[in-house]
Every structure is written in C-alpha cells, then in structure tokens.
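The values are calculated or read from the model by the stated rules, or taken from the named source; none is laboratory data. Bear in mind the structure is a predicted one, so any value in this text is a computation, not a measurement. When we count neighbours, we look across all protein chains shown, and the Cβ atoms used for this are built from the backbone with ideal geometry, even at glycine. Note: areas computed on protein heavy atoms with side chains; ligands, DNA, RNA excluded. Shrake-Rupley method; radii C 1.70, N 1.55, O 1.52, S 1.80 Å.
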Amino acid sequence: MEPNYTEKRIITVATTGAWPTKEHNPNLPIAPAEIAEEIYRCWKAGAAVAHIHVRDEKGRASMEYERFAETVRLIRAHEDCDILINLTSAGAPNVADEDRIRHIQALKPDMASFDCGSLNMQHTFIADNSPAFLEKLGHAMQESGVKPEIEVFDVGMIYEAIHYLDTGVLTAPPHFQLVLGAVGGMPATVENLVFMLSKLPAGSTWGAFGVGRQSIPIMLAAMALGGHIRVGMEDNVMLRKGVLADSNVQFVERAVKMLESCGMTAATPAEAREILGITQGGA
C-alpha cells in the first residue's frame with residue numbers, strides 16, 4: 001500500500017525510560033512530578049501519546065504501583081490535558097509478573113506496552129518476557145480495555161505477535177512499535193525497518209524509533225513510509241551531536257516541524273484515538 005503523505009501522524013513522547021540517568025543528562029525527569037509536568041508540556045507542544053516509565057527514590061528503574069498512580073494522577077490534574085497514557089509493562093528487571101500487570105489493571109490506561117519476546121539486553125541481562133507472562137498480560141489488557149502497544153525488537157517478535165493474534169491473546173487490529181538500535185535487538189538501519197514492515201500483518205498500525213544517534217534517520221524513514229513516530233530522552237538524551245537536550249519538549253517541537261516541512265500534521269490525542277481504535281477515556 002502506498003503511504004498517504006498528508007495523513008495525521010502520532011507523536012509519542014517517551015520522557016524517561018528505564019536506563020538513562022541524570023548523569024547522562026541532568027534534565028532527565030525522574031520524580032512523578034517531574035515526569036507529569038514534562039508530559040503536560042510535551043502535550044502542549046504536539047505529543048498525542050505519553051509512554052511512561054517510573055523510577056524509585058534513588059532514580060532506579062521501578063515498577064512500583066504507587067509511582068505510576070501518582071504520575072498519572074498528576075498528569076490528569078491538568079484538566080485540559082487529553083494526552084493518551086501508555087504505561088510500560090517492562091520497566092525494570094527481575095520483577096514478579098503480578099507487579100508488571102497490577103498498574104495496568106488498576107489504572108486502566110489507554111495503552112500499555114506488550115514486549116513480544118525476551119531479549120539479551122545490553123549484552124548484560126535478560127529482558128524476560130516469557131510466553132506465560134505474555135499470555136497473562138494480553139488477557140489482562142483485554143479484560144481492562146487497554147490497547148496493547150506491541151513492541152518488537154527483531155523480526156522474530158513479529159511472528160510471536162502473529163501467534164498471539166491467532167490464539168486470542170491479542171486482538172486485531174494490532175498496533176506495533178518497531179524498536180531499532182537497542183543493544184541485543186536489530187540494528188537501526190532503514191533496510192531493517194523496511195524488512196520488519198514487510199512482515200507486519202495486514203491491517204496493522206505502526207510506529208518506529210531508533211535508539212541514540214539513529215533516532216532521526218529512523219524517524220525520517222518512518223515518516224516517509226507512512227508510520228508514526230516516537231521521540232524523547234528514553235531513546236536519546238542528545239538533541240544533536242555534542243548537545244544535551246534541555247527537555248523532552250525540544251524533541252516534540254522538532255518532530256512537529258519535521259512533519260510540517262513534509263506536508264504532514266501531528267495528530268491530536270482525539271485523532272490518535274481514532275487512528276488506533278481506542279474508544280475508552282483512559283486513566
């Protein structure tokens with residue numbers, strides 16, 4: 001299918017992630033209040049979806065329910081902010097399955113990540129997403145009315161997603177987030193992006209992003225190929241070579257300008273809901 005170059009494109013902002021620290025960039029938002037305020041500012045700049053990780057009091061990756069609940073509460077305290085909430089299910093290693101699902105069931109966000117397979121992340125630890133966990137997660141999302149964001153780090157994970165669609169763990173139409181450049185996954189090249197796209201099931205919506213220095217090339221390729229885009233300090237703390245980002249807002253503002261320069265428009269949250277088939281109000 002030929003991409004429609006005038007269609008709306010969803011900008012997701014990933015403000016924090018699990019791995020960057022304030023040593024990498026002192027402007028990284030860590031506390032719930034920091035994350036929530038940054039997301040609000042990113043929404044005003046043009047982001048339609050916020051992909052949320054949280055940290056503990058020492059700034060370490062965490063899956064603490066209270067941290068998610070407080071972050072979401074502070075975002076929604078801005079009554080005008082209708083940004084879609086997308087909570088991670090894979091924010092820290094060695095966490096019990098129940099603690100990776102509880103916040104999704106309780107908070108009922110618009111979306112949550114569904115990392116479709118395990119990965120030898122950074123060559124140092126296993127990002128564990130066992131079949132048993134993914135089945136529990138998929139069914140919990142269906143019961144809670146939460147749209148899965150199917151994150152795939154290599155092409156084999158796409159085939160895993162197709163298996164879960166066939167067995168009812170996931171439901172159609174699926175939404176994929178293609179992750180390129182994570183150490184342990186597929187390198188961030190346009191050739192790899194095109195290959196992954198060729199394997200997506202018919203009717204899928206999709207976005208893509210590259211990690212680190214490849215963030216802009218993959219963003220531009222995704223735009224050209226008809227996909228949605230993701231920006232933020234989770235994926236790259238540098239605004240450009242040698243320059244740390246002052247905030248996540250800079251990434252969103254640049255993405256909006258890039259879309260507009262190509263005759264495209266950033267989708268509003270309401271438009272993103274329509275594109276993704278999300279009808280509930282979210283967290």
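Within the group 211, 243, 252, which residue is touching a strand residue (DSSP E or B) at 6+ places or on another chain (Cβ under 6 Å) and of a type in the set (Val, Ile, Thr)?
On the way: 211 fails: touching a strand residue (DSSP E or B) at 6+ places or on another chain (Cβ under 6 Å); 243 fails: touching a strand residue (DSSP E or B) at 6+ places or on another chain (Cβ under 6 Å).
Result of the check over 211, 243, 252: 252.
Would the stretch 28-38 turn up any residue that is touching a residue at least 60 places away in the same chain (Cβ under 8 Å), part of a strand (DSSP E or B) and either in contact with an Asp or Glu (Cβ under 8 Å, 6 or more places away or on another chain) or open to solvent by less than 70 Å² (accessible area, probe 1.4 Å) (or both)?
No, there is no match, as no residue in the stretch 28-38 is touching a residue at least 60 places away in the same chain (Cβ under 8 Å), part of a strand (DSSP E or B) and either in contact with an Asp or Glu (Cβ under 8 Å, 6 or more places away or on another chain) or open to solvent by less than 70 Å² (accessible area, probe 1.4 Å) (or both).
Working carefully through the options 55, 67, 60, find the one that is closer than 21 Å to residue 30 by Cβ, out of contact with any Leu (no Cβ under 9 Å at 6 or more places or on another chain), buried (at least 24 other Cβ atoms within 10 Å of the Cβ) and without any contact (Cβ under 8 Å) to a residue 60 or more places away in the chain. Write out each step before concluding.
Numbers: 67 fails: buried (at least 24 other Cβ atoms within 10 Å of the Cβ); 60 fails: buried (at least 24 other Cβ atoms within 10 Å of the Cβ).
None of the others qualify; the one that does is 55.
May I ask you to list the residues in the stretch 221-263 that are over 18 Å from residue 39 (Cα atoms) and assigned to a helix (DSSP H, G or I)?
Listed by number, the residues that qualify are 221, 222, 223, 224, 225, 257, 258, 259, 260, 261.
Can residue 10 be described as under 25 Å from residue 102 (Cβ atoms) and surrounded by 16 or more Cβ atoms within 10 Å (Cβ to Cβ)?
Values: under 25 Å from residue 102 (Cβ atoms): no; surrounded by 16 or more Cβ atoms within 10 Å (Cβ to Cβ): yes.
Here the answer is no, as residue 10 does not meet what is asked.
Results for (1) in contact (Cβ under 8 Å) with a residue 60 or more places away in the chain; (2) open to solvent by 20 Å² or more (accessible area, probe 1.4 Å), shown as yes or no for each residue.
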| site | (1), (2) |
| --- | --- |
| 127 | no, yes |
| 133 | no, no |
| 137 | no, no |
| 140 | no, no |
| 155 | no, yes |
| 173 | yes, yes |
| 176 | no, no |
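Looking at the stretch 169-197, which of its residues are part of a loop (DSSP other than H, G, I, E, B), among the small types (Gly, Ala, Ser) and over 24 Å from residue 272 (Cα atoms)?
181, 182, 184, 188
For residue 160, state whether it is open to solvent by 30 Å² or more (accessible area, probe 1.4 Å) and touching a residue at least 40 places away in the same chain (Cβ under 8 Å).
yes
Yes or no: residue 86 modelled with pLDDT under 95 and not hydrophobic (A, V, I, L, M, F, W, C)?
Against the criterion (modelled with pLDDT under 95 and not hydrophobic (A, V, I, L, M, F, W, C)), residue 86 does not qualify.
For residue 207, state whether it is open to solvent by less than 30 Å² (accessible area, probe 1.4 Å) and on the phi > 0 side of the Ramachandran plot.
no
Between residues in the stretch 193-220 that are under 15 Å from residue 157 (Cβ atoms) and residues that are open to solvent by 60 Å² or more (accessible area, probe 1.4 Å), which pairs lie under 8 Å by C-beta distance while being six or more apart or on different chains?
Listed pairs, sorted by first residue: 193/225; 197/225; 199/159; 201/172; 204/173.
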